[in-house]
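Engineer: To start, I am sharing the structure in question, which I have written as structure tokens.
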Protein chains: 2
Amino acid sequence: MTATAKQETASKAITKALGDREIYVERIFNAPRERVWKALTEPDLVAQWWGRGNKLVIERLEPFRGGHWRFVEHTDQGVFGFEGRFREVTPPERIVQSFEWDGMPAHVAIQTMTLDDLGDGRTRLVVTIIFHTQEERDGMLQSGMETGMNESYAALDKVLATTA
Amino acid sequence: MTATAKQETASKAITKALGDREIYVERIFNAPRERVWKALTEPDLVAQWWGRGNKLVIERLEPFRGGHWRFVEHTDQGVFGFEGRFREVTPPERIVQSFEWDGMPAHVAIQTMTLDDLGDGRTRLVVTIIFHTQEERDGMLQSGMETGMNESYAALDKVLATTA
């Protein structure tokens, strides 16, 4: 694979609806799995990418079974809180957690994140998200989630480059 | 309806599986709707029945959209924490909230509680609970949930009698 092809595969996430109530996301990062894992679980690193360049206050980040997380993003459009709890944290390969946005309290999705070591210094992140209802899933897809997620992952690319 | 029949309808909840991922519960209480509503939402009253006679510590109870709740039950078998968040609180008739038990973190069910005024001083409570998966629903049904719930509702009967 050429350097250009590598760059292309790393630039945008595959996002698609899966079944009635799920979303599937796949994204390749040009960094080894341990480095991606740290960027997903260490507060000072998460603060640099999750908010897509916006100020992110990490009120809680307890990456272990039963631990909670709560992030508050400060944007030009307002302040947005997100929170959830960890069901499973298995370094450096798997995190299962709940996710909800303050604007739709108690609409809870479950995210399963898996990191695959591609063996060439790259890492594939696969995220499946299951909702209670199809309406919640479709609402998420229509909310601009894909754009926001790609902005976050682009910021994550930069964090991974600087932590090399 | 005779007094005896009234007593019988009030004594045990109807509990059944609904579809693939839901549980349906119905229970009649011998008290007006406003009184049942208070017992479901005021901390000092909830503390008297939710724990089925066990000590219940109400760490949080914020019955409004976006508010959180967290209860800790102290039993002979150990200490059990439960928590969630309110999606909708519409006095005196409807509460929608998330529910999870610390022992299975981020396995989140959504409970919709509706109080119907039966017009004769009695109130029908209908609860539907939706899970993300059929396995979670079946696990809840097999967990002794029905017994525990009937114990809680029997304790609630007593609270309602004393707040008359």
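The values are calculated or read from the model by the stated rules, or taken from the named source; none is laboratory data. What you are looking at is a predicted structure, and each value in this text was computed from that prediction instead of being measured. We place every Cβ from the backbone using ideal geometry, glycine too, and count neighbours over all the protein chains shown. Just so you know, the surface numbers come from the protein's heavy atoms only, side chains and all, with ligands and any DNA or RNA stripped out. Shrake-Rupley method; radii C 1.70, N 1.55, O 1.52, S 1.80 Å.
Engineer: When both residues are 6+ apart or on different chains and their Cβ atoms are under 8 Å apart, which pairs have a first residue that lies in the range B:91-120 and is within 13 Å of chain A (Cβ to nearest Cβ), and a second that is of a type in the set (A, V, I, L, M, F, W, C) and open to solvent by 50 Å² or more (accessible area, probe 1.4 Å)?
Structural biologist: Once the first residue is within 13 Å of chain A (Cβ to nearest Cβ) and sits in the range B:91-120, its partners that are of a type in the set (A, V, I, L, M, F, W, C) and open to solvent by 50 Å² or more (accessible area, probe 1.4 Å) give B:Trp101/B:Phe80; B:Asp102/B:Phe80; B:Gly103/B:Phe80; B:His107/B:Trp101.
Engineer: Hey, another quick one. Search the range B:131-143 for residues that are more than 12 Å from chain A (Cβ to nearest Cβ) and pair each with any residue that is assigned to a helix (DSSP H, G or I) and loosely packed, with under 15 Cβ neighbours inside 10 Å when their beta-carbon atoms are under 6 Å apart and the residues are at least 6 apart or on different chains.
Structural biologist: Pairs that qualify, where the first residue is more than 12 Å from chain A (Cβ to nearest Cβ) and the partner is assigned to a helix (DSSP H, G or I) and loosely packed, with under 15 Cβ neighbours inside 10 Å: there are none.
Engineer: So which of B:Gln97, B:Gln134 ends up being over 16 Å from the mean Cα position of the chain (by Cα) and not charged (D, E, K, R)?
Structural biologist: Answer to the selection: B:Gln134.
Engineer: In the range B:80-125, which residues are closer than 17 Å to A:Pro105 by Cα and among the acidic types (Asp, Glu)?
Structural biologist: Selection gives B:Glu83, B:Glu88, B:Glu100.
Engineer: A further question on this structure: Can you report the number of residues in the range B:16-39 which are over 20 Å from B:Val108 (Cβ atoms) and in contact (Cβ under 8 Å) with a residue 60 or more places away in the chain?
Structural biologist: Total meeting the criteria: 13.
Engineer: Could you tell me which of the residues A:Phe86, A:Phe71 is under 16 Å from A:Glu42 (Cα atoms), open to solvent by less than 20 Å² (accessible area, probe 1.4 Å), at pLDDT 95 or above and away from chain B (no Cβ under 12 Å)?
Structural biologist: A:Phe71
Engineer: Can you find a residue that is over 16 Å from the mean Cα position of the chain (by Cα), at pLDDT 95 or above and open to solvent by 20 Å² or more (accessible area, probe 1.4 Å) anywhere in the range A:153-161?
Structural biologist: yes
Engineer: Okay, next question. So, in the range B:49-68, exactly how many residues are more than 14 Å from chain A (Cβ to nearest Cβ) and either without any contact (Cβ under 8 Å) to a residue 24 or more places away in the chain or more than 16 Å from the chain's Cα centre (by Cα) (or both)?
Structural biologist: Total meeting the criteria: 6.
Engineer: Taking A:Val46 as the residue in question, decide whether it is open to solvent by less than 30 Å² (accessible area, probe 1.4 Å), touching a residue at least 40 places away in the same chain (Cβ under 8 Å) and under 13 Å from the mean Cα position of the chain (by Cα).
Structural biologist: no
Engineer: May I pose another question? Would you mention how many residues in the range A:100-125 are crowded, with 19+ Cβ neighbours inside 10 Å and farther than 15 Å from A:Thr15 by Cα?
Structural biologist: The qualifying residues number 10.
Engineer: Of all the residues that make up the range A:126-152, how many are more than 22 Å from A:Asp20 (Cα to Cα) and either of a type in the set (S, T, N, Q) or open to solvent by less than 20 Å² (accessible area, probe 1.4 Å) (or both)?
Structural biologist: Summing the residues that are more than 22 Å from A:Asp20 (Cα to Cα) and either of a type in the set (S, T, N, Q) or open to solvent by less than 20 Å² (accessible area, probe 1.4 Å) (or both) in the range A:126-152 gives 3.
Engineer: Something else now. Is it the case that B:Glu62 is closer than 24 Å to B:Thr15 by Cα, of a type in the set (Asp, Glu) and surrounded by fewer than 19 Cβ atoms within 10 Å (Cβ to Cβ)?
Structural biologist: Spelling it out, it is not the case that B:Glu62 is closer than 24 Å to B:Thr15 by Cα, of a type in the set (Asp, Glu) and surrounded by fewer than 19 Cβ atoms within 10 Å (Cβ to Cβ).
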